[in-house]
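> The structure under discussion is supplied below as structure tokens; questions concerning it will follow.
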Amino acid sequence: MAKAPKRPQPAGLPTSEQILRFIEYSPGAVGKREIAKHFGLHGADKIALKALLKDMTDEGLVDMAPGRAFHKHGGLPKVTVLRVAAVEGDVVWAVPDRWGGSGPPPRLRVMEKGRKGALGIGDRILSRTEERGSGHIAHPMKKLQAGGEAIIGVLVTDTGPGGKPMTWLRPADKRARFDFVVSDMGDAQIGDLVRAELSGRGPATKARVIDVIGDPFAPRSLSMIAIARHEIPHVFHEETLEEAERAAKLPLTPGGREDLRDLPIVAIDPIDARDHDDAVWAVPDEDEKNKGGWKAIVAIADVSYYVRADGALDREARRRGNSVYFPDQVVPMLPETLSAGVCSLKAGEDRAAMACHLTIDKHGKVTSWRFTRALVRLRANIAYERAQAAYDADLPDEGWDADVLPTLKNLWGCWTLLAKARAARAPLDLDLPERQVRLDEQGNIAEIKVRERLDSMRLIEDYMIAANVAAAKALEAKKSPVMYRIHEPPSREKLVSLKDYLETFEQSFALGQVITPAVFNRLIDGFSGDDRLPQLMEAILRSQTQAYYGPANSGHFGLALGSYAHFTSPIRRYADLIVHRALVDSYRLEVPGKPKGLPERTGLGDADRKGLSRIGEAISALERRAMEAERETIDRYVAAYLATKTGEIVPARITGVQPFGFFATVDGLGGDGLVPVSTLGSERFFYDEAARTLDSEHGRVSYSIGQRLELRLMEANPISGALRFELPDAPEGGFRNRPPRRDGVKGKGHKKDGAGKHMVGKRGRPGNIRHQGRKR
């Protein structure tokens, strides 16, 4: 449904932009009265201001906080209620007590006044907020009625003081070091995943169950923990589902579309793909001017035809930002009626597509492109493994049409040129392992392995990159808004850190050189066949900036591209949907018809055009949330898989070294676990900060990143995904009875010696740590 036209504004009334600037830079809370006073409004102008503020709220430019104060949409009010979420030494961190913005809630450092330690976890404070650098700080104004921090965990029974059985909350966060005594279980049962509220401080901290989420150990349910912990929306509102049903019934006719149903277009995807966004086709170019070149089509699901701007579906897709993929389920950006139904490109069925036509010369350079709305009917949906096997064996699969194998051969022929152009461009070549969890029909873990990297995967990747570049350049040619995918070069600070790390490998790294992806590729090539290659690639990955979405182009460093946008996955990424809508507008690709109960246009909406920067920030944060949730869930499945192997010796590799011990991963499986310094031996250990090693006092033993060794698995916790190891010959309880220090320094804590090494104390802790429960 189209929006009502804007009201004409009186000449003396400030513009929306002026009001937003005033809200942004005002030091205190801003209500209608403060705005009227600042702009000198009286009488009828105040009435017009009220109407303007309502319009700005409806358009999503501002939100109204409690107390009728306004703030920029998706941001923090200047004065708001915060809840203390963590106390780390003397530093207090808080989050908004209520958060309705896009993405995860921001974390603020609380600037305590007067006596330190007056605030504890769960305390609610009325605070003035202030942007500082890339984050926020909070200035407490008043402590409010006591509340509690919400925490996700599983209820367990274990002994308490005096050997008495007690109920404990075991946090789902791997970083949490303590269980909490449960003061009130409510209706929950032992083994339930719950949301609880923490109150108190120090050893007196207790948990009260406020919500039962479910049984995380039921088949196909471990992802429930990440969904709850990261507050990932996983239930669609009725309004959204109803609009999806209406959209799914939209007629699909050749009107306004290029009919490509006769072409043998195929989709090549992971074997466990839940939705199919993209399909490809290629054929040698018969144009004499492009001898040795190719014509290719990348056909992408036409999601913008079904999900129209400013509708209920669109609002929910923007709120989710992306689909989230777990081993046991997918949390889709769009209802399954669309994501696994009419939008998904399936063999033998007519589907709406956005077609990117590419012309590729004999050097692999894309020389021209055009975009159309199309009607496609795929010949086959093929798994990567099957496509690779068929091409290698020159043998079609049973049931394939006769033209499928020739299509695969053509796709490979064209790809050899695209791959040649990619090699000449020299993008960052980090071949890091991807873990794959396979569940059996009962939802139990059947296998965990590293996914094999095939040429069929690289083939599809290069076709998608070519289409993404074409989309960005096509929009630039029309001076259209573009939601770019941006990856900036590494910062000097990260390069300095990488240089210091490489020195431990006796590898030089010149900071004065022009940094390009090829610089990192040469480093990788230099360690080919070296056991340290995996940690080198991880170090290079850590040196990179986080890719993000936004309307201001800064290029894509990792891919060595000047202009790049995401176009090829609109079923699962909101950024791609915006790019599709921009193409519809720029190239006049609207299709005829006036659907009932849906917005009329399929191009960009008002919210898209006005809030591109804000949307980019929000979906970037949501992408990071999804990646963290997916990674955590894989770790939980690895821990569940290893839980039956506690006490066994496993091959491992050290991934990180700290004063309190070192972290290791199980070769071939992943996961991440600590080997506490207290279990390393009767000698004291020194932490060399520059070399990132733990060295024994007499130099007999040293532990460094990348070192391979055998460890005994002592604990595997599926709730948090945490692992704990010890050396195979460590006595039960570790080496805790150490002789007195010869330097006269007390065992607790640590200090640096003259060489810059940390002398680790009896328990290997760098300083005092405030206990907040029972240590696991």
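The values are calculated or read from the model by the stated rules, or taken from the named source; none is laboratory data. Keep in mind that what you see is a predicted model, and the values were worked out from it rather than measured. Counting neighbours? That spans all protein chains shown, and the Cβs are built from the backbone with ideal geometry, glycine included. Keep in mind that these areas ignore ligands, DNA and RNA; they rest on the heavy atoms of the full protein, side chains included. Shrake-Rupley method; radii C 1.70, N 1.55, O 1.52, S 1.80 Å.
> Could you rank Leu405, Leu144 by how accessible they are, 1.4 Å probe, largest area first?
Listed by decreasing accessible area, they come as Leu144, Leu405.
> In the calculated pair distance distribution of the stretch 618-705, what percentage of Cα-Cα distances lie above 15 Å? Intermediate results must be reported in sequence, preceding the final value.
Details: 2557 of 3828 pairs.
Result: 67 percent of Cα pairs exceed 15 Å.
> Can you check how the C-alpha radius of gyration of the stretch 395-515 compares to 2.2 N^0.38 Å, as a plain ratio?
So the stretch 395-515 has a normalised radius of gyration of 1.55.
> I would also like to ask the following. Given a Förster radius of 41 Å and the C-beta distance between Thr159 and Lys249 as r, what FRET efficiency does 1/(1 + (r/R0)^6) yield to the nearest 0.05?
Details: r = 60 Å, r/R0 = 1.47.
In this case the efficiency is close to 0.10.
> Just want to confirm a number: the relative contact order over the stretch 250-389, from Cα pairs under 8 angstrom separated by 6+ residues, in percent.
Working: 270 pairs, mean separation 50.2, N = 140.
Averaging sequence separation for qualifying contacts and normalising by length gives 36 percent for the stretch 250-389.
> So for the stretch 305-372, averaging the separation of alpha carbon pairs under 8 Å that are six or more residues apart and normalising by length, what relative contact order in percent results?
On the way: 55 pairs, mean separation 11.2, N = 68.
This gives 16 percent for the stretch 305-372.
> Are any of the pairs Lys46/Lys594; Lys346/Lys594; Lys289/Lys409 more than 30 Å apart by Cα-Cα distance, and if so, which?
Check vs 30 Å cut-off fails for Lys46/Lys594.
> Pop the C-beta distance of Glu600 and Asp525 into the FRET formula with R0 = 51 Å and round what comes out to the nearest 0.05.
Numbers: r = 55 Å, r/R0 = 1.08.
Here the calculated transfer efficiency is 0.40.
> Here's something else I'd like to know. Would you mind getting the Kirkwood hydrodynamic radius of the stretch 131-241 from its Cα pairs, rounded to one decimal in Å? Present the calculation step by step, with values, prior to reporting the outcome.
Numbers: mean 1/r = 0.0623 Å⁻¹.
After inverting the mean inverse Cα-Cα distance, the result is 16.1 Å.
> Quick one: the Cα spread of the stretch 426-578 along its three principal axes, in angstroms, biggest first?
The principal-axis extents, from largest down, are 54, 50, 25 Å.
> Oh, and also: Carbon-plus-sulfur fraction of the accessible area of the chain, 1.4 Å probe, in percent?
Values: 18290 of 36420 Å².
About 50 percent, which is the carbon plus sulfur part of the accessible surface.
> Okay, next question. What FRET efficiency do you get for Arg109 and Arg588 if R0 is 56 Å and r is their Cβ-Cβ distance, rounded to the nearest 0.05? Before the final figure, lay out each step's value.
Details: r = 50 Å, r/R0 = 0.90.
According to the calculation, E is roughly 0.65.
> Could I ask something else about it? Explain nothing, just the number: relative contact order of the chain, from Cα pairs under 8 Å at least 6 residues apart, as a whole percent. Working shown, then result.
Working: 1599 pairs, mean separation 88.4, N = 776.
Reported relative contact order: 11 percent.
> Among Pro427, Leu411, Leu395, whose Cα sits farthest toward the positive end of the charge dipole of the stretch 353-441 (+1 at Cβ of Lys/Arg, -1 at Cβ of Asp/Glu, about the Cα centre)?
Working it through, the farthest residue towards the positive pole turns out to be Pro427.
> Cut-off under 12 Å on the C-alpha distance; same-chain residues fewer than 8 positions from Lys32 excluded. Which aspartates and glutamates are left, in chain and number order?
Of all the aspartates and glutamates, those that pass the test against Lys32 - Cα under 12 Å, at least 8 places apart if same chain - are Asp45.
> Continuing with this model, one more query. Out of every Cα-Cα pair in the stretch 228-308, what percent are more than 17 Å apart?
Every Cα pair in the stretch 228-308 considered, those over 17 Å come to 69 percent.
> For the chain, would you read off the P(r) tail past 47 Å as a percentage of all alpha carbon pairs? Provide the component values of the computation, followed by the final result.
On the way: 85617 of 300700 pairs.
For the chain, the share of Cα pairs beyond 47 Å comes to 28 percent.
> May I pose another question? Rounded to the nearest Å, what's the spacing between the alpha carbon centres of the stretch 434-454 and the stretch 605-684? Just the number, please.
The stretch 434-454 and the stretch 605-684 have Cα centres spaced 18 Å from each other.
> A follow-up question, please. Compute the distance in nm between two label points, each set 7 Å from the Cα along the Cα-to-Cβ direction, one at Lys645 and one at Thr545.
So the two model labels end up 4.0 nm from each other.
> Modelled label-to-label distance, Arg175 and Val450, 7 Å Cα→beta-carbon offset: nm?
2.8 nm
> Return the loop-located GluC sites (Glu not before Pro) in the stretch 542-646 (DSSP other than H, G, I, E, B) with at most 16 other Cβ atoms within 10 Å of their own Cβ; answer none if there are none. Present the calculation step by step, with values, prior to reporting the outcome.
Numbers: sites: Glu590, Glu600, Glu617, Glu623, Glu628, Glu630, Glu632; in loops: Glu590, Glu600.
Answer in residue order: Glu590, Glu600.
> Quick one: putting +1 on the C-beta of Lys and Arg, -1 on the C-beta of Asp and Glu, what dipole do you get for the chain around its Cα centre, in Debye to the nearest 20? Before the final figure, lay out each step's value.
On the way: 116 positive and 106 negative charges, 788 e Å.
Rounded to the nearest 20 debye, it is 3780 debye.
> Rounded to the nearest 10 Å², what accessible area does Trp369 have for a 1.4 Å probe in the complete protein model?
90 Å²
> How many nm is it between the label spots at Ala118 and Ala690, if each spot is 7 Å from the Cα in line with the beta carbon?
The modelled label-to-label distance comes out at 4.5 nm.
> Listed highest first by mean packing, meaning other Cβ atoms within 10 Å per residue, what order do 464-473, 256-265 come in? Kindly include the intermediate steps, with their values, before the conclusion.
Values: 464-473: 23.0, 256-265: 16.8.
Top to bottom by mean Cβ count within 10 Å: 464-473, 256-265.
> Give the long-range amide H neighbours of Asp211: residues separated by 5 or more places, or on another chain, with amide H under 5 Å away, using H modelled in the peptide plane at 1.01 Å from N.
Here the answer is Arg195, since their amide H atoms fall under 5 Å of that of Asp211.
> Give the Rg (one decimal place) followed by the Dmax (whole number) of the stretch 141-194, computed from C-alpha coordinates and expressed in Å.
Computed over the Cα atoms of the stretch 141-194, radius of gyration and Dmax are 13.4, 44 Å.
> What does the convex hull of the Cα atoms of the stretch 584-730 come to per residue, in Å³, rounded to a whole number?
Numbers: hull volume 29.8 nm³, N = 147.
It is 203 Å³ per residue.
> Next up: Just read off the accessible area of Ser682 with the full protein assembly in place, 1.4 Å probe, to the nearest 10 Å².
Near enough 70 Å² of accessible area.
> Can you give me the Cα centroid spacing of the stretch 196-244 and the stretch 519-590 in angstrom?
Using only Cα atoms, the two centres lie 32 Å from each other.
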